[in-house]
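To start, the structure itself, in structure tokens.
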Amino acid sequence: MTAVAERPAVGSHRSPEQAVAAAPRRRVSPERVAAGLTLVALAVLACVALARIDISVPNMVASWSNAEHFFQRVGTVRFPDAATLLQQTALTVGLVLLGTLLAAVLSVPVAYLAAGNTSPGRGWIAAARFVSVLTRAVPDVVLAMVFVLLFTIGPLPGILAIGIHSIGMISKLFADAIEQIDEGPRTAIRATGGTRLQQFTAGVLPQVLPSWVATILHRNDINLRGSVILGYVGIVGLGREMSFAFKSLDYSLGIGYAIVIFALCVLMEIVSSSVRAAMLGIAPTGRGIGASAIRTRMRRRQAGNAPTTPRGAATAPRFATPEDALRRPWTAARVRTTVWSWVAILVVIGSVVVCDIAWGDLGTVWGKIPPVAAGFWPPSFGSYGAGVMVSAMFDTVAIALAATLLALVFSMVIGSFAARNVAPTRGVRTGARFLLVVVRGIPETILAVVLIVITGLGAQAGTLALAFGGIGLLGKLVADSLEEVQPGPERALTATGATRFQRYAGATVPQGIRAMIGHTFYLVDTNIRAATILGIVGGGGIGYYLLNAAQGSNYASVTGIVLMILATVLVVEGIAMWMRRVFR
């Protein structure tokens, strides 16, 4: 039998253009279209907000005379005397440490109930997540105002405000770590009749402890930066002394306190990174100066202590017998961990001593709660009216969007040059990374105070301060996202003779765009919270009215403003979660 080749039917021959046109196309879901339109709408709103705030180079140049006058007023930077500086520094560090520790302890049950694999039921999950969102949405400044009314002026209101506000972030990260554990150990303990407490302490806690320690240390650094703004509502420490200096127009002393706070933030970051590296043996992932320094030191140490065992060679077991495993040797790593643990305990005890907490107030405060709560309810907008407050809330959102837009533009440039697979040379990448570290190290509150003195009260100073801080955060995230893309498409374009920019635009950015969208929404969420706080120091928006209402004892207006902030934050967080799910 002779095989006959089948000829294509008449008219079935297609040109390449027709074949491409007839190729099946991926159907775009309506939800994805809606998400894309939402992104476009937010980008347009950000541009409108930036134009409304009227940030321009001519305006900044026109403010240079104010800057010259400001620096003339500063003259020689002055610092407080050594005794006052030491006392205020110890007080600030003590209340921040105790507040973070309080949040860490309270976050454990919240995280246990919020995690899907440990919670008793869906109702507990919903309740725990609501607590997490609520404590994260209510500004720590508002909590500090309430606790100042309930307690006397001192460290205790600051400790409680920092602690309760930090529960939101810490419990969320704690719950995420619990949901990612290996279920084997917990299942084995449950199979032997272990209780829920035994399952948690022996099957869950050992797996999540490294992540929890890193989370607590990271949050402590954030709380130290945030403690500056608490000084503007009467919380003792360096922030209050700095606010007194600027309010009395003593700029030389105010700048001195700002420098001390900046140095303290860097020092605390170095200590936190060192503790994490020593206790966990993990390089820090923070974005500040301290974390970068510790990462560099760990890389050099690992390079100097590289193992000589060939790859793939068998290694000796760590313990020869079970009895040896029960008698753990005092290795260098165990000694370091033990020493750091005792140092941490002594630091906590020292913080309690320095803060001199009036423990009796915790027993008598319950009688003050009903009259204070009655002053905060029902919510109202006072003499300002709903229209003024809603307009101020829109101003806060506009500041956040405009700052995010500015930060995104500069972060794409600096973050791209900070990426290993984009930077033309190693020197360019190192310079870009160093620039991001320096920008990240300056607290936004201090920058806002200085800009307000130079440019005057209003949204311009708050927007510039948020944008400057956002460059340090988003730039690092952009660089990491670009470095984590698959190298295959980049190599394919390079093989076809594509230029560096063509490879960047055609392969690198399209792969990292989803992650960068998520990072940008995270920055929007963060900026809305921060814009509220910066309004307290004169950065414009709803924070200005919040401070006026608190100082005027219009607590019903404080409640109304906080509810507006909470609703706005929930809407933004809901949009961000929806975007991350759609573009996953």
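The values are calculated or read from the model by the stated rules, or taken from the named source; none is laboratory data. For clarity, every value in this text was computed on a predicted model and none was experimentally measured. We place every Cβ from the backbone using ideal geometry, glycine too, and count neighbours over all the protein chains shown. Ligands, DNA and RNA are excluded from the accessible area calculation, which covers all protein heavy atoms including side chains. Shrake-Rupley method; radii C 1.70, N 1.55, O 1.52, S 1.80 Å.
Over all distinct alpha-carbon pairs, what is the Kirkwood Rh of segment 226-267 in angstrom? Present the calculation step by step, with values, prior to reporting the outcome.
Working: mean 1/r = 0.1000 Å⁻¹.
This gives a value of 10.0 Å.
Computed extension gain for Ala386 through Ala126, at 0.36 nm per residue and net of the alpha carbon distance, reaches 90.5 nm. Using a cut-off of under 17 Å, list every residue of segment 103-120 whose amide N is near the label point 7 Å from the Cα of Arg190 along the Cα-to-beta-carbon line. Residues passing the 17 Å test: 112-120.
Starting from 0.36 nm per residue, how many nanometres of slack lie between Val413 and Val348 once their C-alpha separation is accounted for? Don't skip to the answer; put the middle values down first.
On the way: separation 65, 0.36 × 65 = 23.40 nm, distance 4.26 nm.
Extra length available between Val413 and Val348 comes to 19.1 nm.
A simple rule links phi to the HN-Hα coupling: the Karplus curve 6.51 cos²θ - 1.76 cosθ + 1.60 with θ = phi - 60°, which for segment 81-98 gives 5, 4, 5, 5, 4, 5, 5, 5, 5, 4, 5, 5, 4, x, 5, 5, 4, 5 Hz, with x for Gly and Pro. Between the amide H of Ile55 and any residue lying 5 or more places away or on another chain, no distance stays under 5 Å, with hydrogens modeled in the peptide plane. Take Trp340: with every protein chain present and a 1.4 Å probe, its accessible area is about 80 Å². Restricting the calculation to Cα atoms, every distinct pair contributes to the Kirkwood radius of segment 346-487, found to be 19.3 Å. Compactness of segment 403-515 is given as radius of gyration and Dmax, 16.5, 55 Å, from Cα positions.
Backbone geometry of segment 366-379 corresponds, through the Karplus equation with coefficients 6.51, -1.76 and 1.60 at θ = phi - 60°, to 3J(HN,Hα) couplings of 5, x, 8, 5, x, x, 5, 4, 5, x, 8, 9, x, x Hz, x marking Gly and Pro. The slack in the chain from Thr430 to Phe244, taken as 0.36 nm per residue of separation less the alpha-carbon distance, amounts to 63.0 nm. Our coupling estimate for segment 385-397, obtained by passing each phi through the Karplus curve with A = 6.51, B = -1.76, C = 1.60 and θ = phi - 60°, is x, 5, x, 5, 5, 5, 4, 5, 5, 5, 4, 4, 5 Hz, Gly and Pro reported as x. With a cut-off of 13 Å on the backbone N, the residues of segment 367-407 near the modelled label site 7 Å out from Val571 along Cα-Cβ are 390-398.
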